[in-house]
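These notes concern the structure reproduced below.
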Amino acid sequence: MKKIAFFDSKLYDKIWFDTINNKYNYDIHYFENKLNSETAILARGFDAVIGFVNDEINKETIDKLYKNNIRILAMRSAGYNNVDLKAALNKIHVVRVPWYSPYSIAEHAMALLLCLNRKIHRAYSRTRDRNFSLNGLTGFDLHGKTVGVIGTGKIGKVFIDICRGFGVNILAYDPYPDTNSNINYVSLEELFKMSDIISLHCPLTKYTHHIINKDSLSKMKDGVYIINTSRGALIESEDLVDALKTGKVGAAGLDVYEEESDFFFEDCSELIIKDDVLTVLSSMPNVLITSHQAFLTNEALENIARTTLKNLHQFFNNELLENEVIYKIKD
Ligand code: NAI
């Protein structure tokens, strides 16, 4: 029976992986620890490792896994920016889940936008305290506004479809535009200039790192709404705080945060958060933070478990790894 070391596990992972594992009968050991250079040793004696988005899978971690005879790393995520693919080359195969439910993330992006705009988060707190005042809760019609979508892959496209139901104008930027679609592509500059709302749906790469920064923010409309369900480091967080303070940014919906790995997915309610930027952001009434939960639907969790275990099955049976991530010399 193949032994699988599963890192950064949560109860909802276990429920779905155990269900799908009935088909494969792997011996899955659920570690609560995140995978990093210190915890990689836990993989000793296992046949495969399952990792997640906030694991630190750098060269040191890869080398330790390799030394402990691990030859397959199955990411149970779409993104893999936290894996040093160059270090893994010719040592460890890296597979991922490229598709599990673009609907889960796109719907969450819209939920953040609607909640922020119509101040649902504030109304919820008020009415529970029997404060039925409407002062300060005014939103705007989405109808007729311009939404800028950065990245028109699987999630970006679903988000665009959802937006269309609201009667908004869509502008999009993608270095690889889908020429068979009816999406209105513009330059990034124009998207920044024209959008009332900007939603990020591109991967984190060296080209997109801090794509939202002081300079790009200065090109945007006053009061622009920014929604990020992709990766935290797409936004220079301190610049975002400054822009929120001046009103340049009217509201921000963040499912991801640059320094999230110390906090997200964990209960830190008893702790003093030492991250001043996160503290300021979470104190602002026009900022809504969710802790990387956009993927968290039953359908997505089931598909993640199904594809991850199928990826491992392909590896163990010397089949073609259909979801392998390959290191490209020229990125
Ligand atoms: P995808 O690969 O289908 O689409 C990404 C799109 O971004 C592609 O069309 C690509 O051409 C485009 N792109 C690449 N470089 C770009 C750039 N410099 N500027 C603008 N666009 C660029 O990926 P998918 O499935 O749509 O996922 C998008 C991102 O969402 C993932 O990379 C991941 O970071 C994030 N994600 C977040 C989750 C969450 O729970 N919050 C869950 C799953 C994914």
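Per-structure values
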{"read-out": "In the range 188-221, the residues that are among the hydroxyl-bearing types (Ser, Thr, Tyr) and more than 10 Å from the ligand (Cβ to nearest atom)", "value": "SER195, SER199, SER216, SER218"}
{"read-out": "Unique residue being at pLDDT 90 or above, open to solvent by less than 60 Å² (accessible area, probe 1.4 Å) and away from the ligand (no atom under 16 Å from the Cβ) when the list is ALA233, ALA251", "value": "ALA251"}
{"read-out": "Check on ALA109, within 16 Å of the ligand (Cβ to nearest atom), closer than 30 Å to GLY250 by Cα, outside any loop (DSSP other than H, G, I, E, B) and touching a strand residue (DSSP E or B) at 6+ places or on another chain (Cβ under 8 Å)", "value": "yes"}
{"read-out": "Any hit, the range 135-153, residues being closer than 25 Å to GLU258 by Cα and either open to solvent by 10 Å² or more (accessible area, probe 1.4 Å) or in contact with a Pro (Cβ under 6 Å, 6 or more places away or on another chain) (or both)", "value": "yes"}
{"read-out": "Failed item in (1) under 28 Å from ASN54 (Cβ atoms); (2) assigned to a strand (DSSP E or B); (3) among the small types (Gly, Ala, Ser), with GLY250 passing the rest", "value": "(1)"}
{"read-out": "Residue check, TYR207 outside any helix (DSSP H, G or I), open to solvent by 10 Å² or more (accessible area, probe 1.4 Å) and in contact with a Leu (Cβ under 9 Å, 6 or more places away or on another chain)", "value": "no"}
{"read-out": "Unmet criterion (only one of (1) over 30 Å from TYR327 (Cα atoms); (2) within 11 Å of the ligand (Cβ to nearest atom)) for PRO102", "value": "(1)"}
{"read-out": "Selection count where residues are more than 16 Å from ARG231 (Cβ to Cβ) and open to solvent by less than 80 Å² (accessible area, probe 1.4 Å), scope the range 254-276", "value": "3"}
{"read-out": "Matching entry among ALA243, ALA294 (being part of a helix (DSSP H, G or I) and surrounded by 14 or more Cβ atoms within 10 Å (Cβ to Cβ))", "value": "ALA243"}
{"read-out": "Pick from the range 144-175, criterion in contact (Cβ under 8 Å) with a residue 40 or more places away in the chain and in a strand (DSSP E or B), ranking: farthest from the ligand (Cβ to nearest atom)", "value": "THR146"}
{"read-out": "Filter result for the condition that a residue is over 27 Å from VAL97 (Cβ atoms) and assigned to a loop (DSSP other than H, G, I, E, B), over ASP178, ASP141", "value": "ASP141"}
{"read-out": "Contacts under 6 angstrom Cβ, first residue in the range 244-258 being of a type in the set (Val, Ile, Thr), partner assigned to a loop (DSSP other than H, G, I, E, B), 6 or more apart", "value": "VAL256/ARG231; VAL256/HIS292"}
{"read-out": "Filter result (buried (at least 24 other Cβ atoms within 10 Å of the Cβ) and assigned to a helix (DSSP H, G or I)) within the range 96-106", "value": "ILE105, ALA106"}
{"read-out": "Pairs where the first residue, in the range 214-235, is polar (S, T, N, Q) and the second is in a strand (DSSP E or B) and within 16 Å of the ligand (Cβ to nearest atom), C-beta under 6 Å, 6+ apart", "value": "ASN228/LEU200; ASN228/ILE235; ASN228/LEU254; SER230/LEU200"}
{"read-out": "Checking THR61 against (1) within 11 Å of the ligand (Cβ to nearest atom); (2) free of Cβ contacts under 8 Å to residues at least 60 places away in the same chain, the condition it does not meet", "value": "(1)"}
{"read-out": "Residue match in the range 33-41 (condition: under 20 Å from ASP255 (Cα atoms) and not in a helix (DSSP H, G or I))", "value": "yes"}
{"read-out": "The range 19-43 residues that are touching a residue at least 40 places away in the same chain (Cβ under 8 Å), paired with ones that are in a loop (DSSP other than H, G, I, E, B) and among the aliphatic types (A, V, I, L, M) (beta carbon under 8 Å, 6 or more apart)", "value": "TYR26/MET1"}
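Rundown of residues vs (1) open to solvent by less than 60 Å² (accessible area, probe 1.4 Å); (2) more than 25 Å from GLU32 (Cβ to Cβ); (3) assigned to a helix (DSSP H, G or I), yes/no style:
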| residue | (1), (2), (3) |
| --- | --- |
| ASP239 | yes, yes, yes |
| LEU281 | yes, yes, yes |
| LEU288 | yes, yes, no |
| LEU309 | yes, no, yes |
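The values are calculated or read from the model by the stated rules, or taken from the named source; none is laboratory data. What you see is a predicted model; the values in this text were computed from it and never measured. In this analysis, Cβ positions are derived from the backbone assuming ideal geometry, glycine residues included, and neighbour counts consider all displayed protein chains. For accessibility, only protein heavy atoms count, side chains too; no ligands or nucleic acids. Shrake-Rupley method; radii C 1.70, N 1.55, O 1.52, S 1.80 Å.
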